[in-house]
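Here, each number is a calculation from the coordinates, and none is a lab measurement. What you are looking at is a predicted structure, and each value in this text was computed from that prediction instead of being measured. With ideal geometry, Cβ positions are generated from the backbone for all residues, glycine too; neighbour counts draw on all protein chains shown.
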Amino acid sequence: MPKCIACGEDVTVYDMGATKKLINRGAEEYLCIPCLAKKFKVEESLIYQKIEEWREQGCMLFP
């Protein structure tokens, strides 16, 4: 299981998908959602909300 490059926590498929969607589609290192939220200075809930929107649009990064 990959680790978050900022805090070392295990990352989920949602963390990996969000990193690829928000930072770089070809990313091979990932940030967890809490660290992504800190990086972009937003609430974690906003990232989860965007993940749901992307899933509903058919984005294949989010199963």
| said: Just to compare against my own numbers: the Cα pair-distance distribution for the chain, 10 Å bins, whole % per bin, please. | reply: 25, 58, 17, 0
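Add -39500 (n - 2.57) for each DSSP H run of 4 or more in the chain, then divide by its residues: what number comes out at 222 nm, to the nearest 500 deg cm²/dmol? Let's see the in-between values first.
Values: 3 runs with 31 residues, N = 63.
-14500 deg cm²/dmol, from helical runs alone.
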| field | For Tyr30, distant residues with modelled amide H under 5 Å away | value | Ile5
| note | Each label sits 7 Å from Cα toward the beta-carbon; between Met60 and Cys7 the label points are separated, in nm, by 3.1 nm
| From phi via Karplus (6.51, -1.76, 1.60), per-residue ³J(HN,Hα) for segment 48-59 in Hz, x at Gly/Pro | 4, 5, 5, 4, 4, 4, 5, 4, 5, 7, x, 4
